[in-house]
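Since the structure comes first, as C-alpha cells, the remarks are kept for the end.
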C-alpha cells in the first residue's frame, strides 16, 4: 500500500531519502556534483512530499518558490526497489496540486542529461523542455523543464 504525506525538510524520512539521492547523484554527476550540490540545500524546503510503501519511506520530492507564479521542483527521488510502481508520478502530482492550492500556476525544474530515466519521466508527465534558467544557464549537462498547472 502506498501512502503519500505532506511535510517539510525537517521530516526524518525526507532527510533519509535525500541522503540516498545525494549518494546516487555523487556518482551520476561526476565532476559537476559539487556545483549542483550548492543549490540543493534542503533547509529552504518548506513543502515536501514523502511516499511510503508498506510504511517504509521509498520516495520524496519538494518544491520551493521560484517567482510569484512559479515553483521549482527539487529533490525528486524513488528508492531503487520501489521504482516502476508509479510512486514518482504520485509524488510529482501531489507537489503540483499543493503548489496550485497555494496560488502558483507553473512549475520548473532541472535535471541532468545523464539521468535518462528522469528526463523520460518528466516528458511522460507533460513537462516541456525550456532554456536553462538561473545557475544552470551555462551547464551543458543540465536540462530544464516547465509545466503550466492552469489550463
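Criterion first (surrounded by 12 or more Cβ atoms within 10 Å (Cβ to Cβ), more than 21 Å from residue 60 (Cβ to Cβ) and touching a residue at least 40 places away in the same chain (Cβ under 8 Å)) does residue 139 satisfy it? Spelling it out, residue 139 is indeed surrounded by 12 or more Cβ atoms within 10 Å (Cβ to Cβ), more than 21 Å from residue 60 (Cβ to Cβ) and touching a residue at least 40 places away in the same chain (Cβ under 8 Å). Scanning segment 122-134 for residues that are closer than 15 Å to residue 93 by Cβ and not in a helix (DSSP H, G or I) turns up 125, 126, 127.
Take residue 81 and tell me if it is at pLDDT below 95, touching a strand residue (DSSP E or B) at 6+ places or on another chain (Cβ under 8 Å), surrounded by fewer than 14 Cβ atoms within 10 Å (Cβ to Cβ) and at negative phi. Answer is yes for this residue. Out of all the residues in segment 51-91, which are farther than 20 Å from residue 16 by Cβ and under 9 Å from the mean Cα position of the chain (by Cα)? Answer for segment 51-91, where residues must be farther than 20 Å from residue 16 by Cβ and under 9 Å from the mean Cα position of the chain (by Cα): just 72. Can you spot a residue in segment 103-114 that is buried (at least 16 other Cβ atoms within 10 Å of the Cβ) and assigned to a helix (DSSP H, G or I)? No - not one qualifying residue is present in segment 103-114.
Just checking, does segment 135-142 include any residue being closer than 20 Å to residue 77 by Cβ and either part of a strand (DSSP E or B) or at pLDDT 95 or above (or both)? Checked against the condition, which is being closer than 20 Å to residue 77 by Cβ and either part of a strand (DSSP E or B) or at pLDDT 95 or above (or both), segment 135-142 yields at least one hit. Considering 147, 93, the condition of being surrounded by 13 or more Cβ atoms within 10 Å (Cβ to Cβ) and assigned to a strand (DSSP E or B) is satisfied by 147 alone.
This table checks each residue for (1) at pLDDT 95 or above; (2) outside any loop (DSSP other than H, G, I, E, B); (3) touching a helix residue (DSSP H, G or I) at 6+ places or on another chain (Cβ under 9 Å); (4) farther than 15 Å from residue 115 by Cα.
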{"residue": "26", "(1), (2), (3), (4)": "no, yes, yes, no"}
{"residue": "42", "(1), (2), (3), (4)": "no, no, yes, yes"}
{"residue": "45", "(1), (2), (3), (4)": "no, no, yes, yes"}
{"residue": "50", "(1), (2), (3), (4)": "yes, yes, yes, yes"}
{"residue": "62", "(1), (2), (3), (4)": "yes, yes, yes, yes"}
{"residue": "71", "(1), (2), (3), (4)": "yes, yes, yes, yes"}
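Could you please find all residues in segment 76-93 being in contact (Cβ under 8 Å) with a residue 60 or more places away in the chain and over 12 Å from residue 125 (Cβ atoms)? Selection gives 77, 79, 85, 87.
The values are calculated or read from the model by the stated rules, or taken from the named source; none is laboratory data. What you see is a predicted model; the values in this text were computed from it and never measured. Cβ sites come from the backbone with ideal geometry, for glycine too, and all protein chains shown count toward neighbours.
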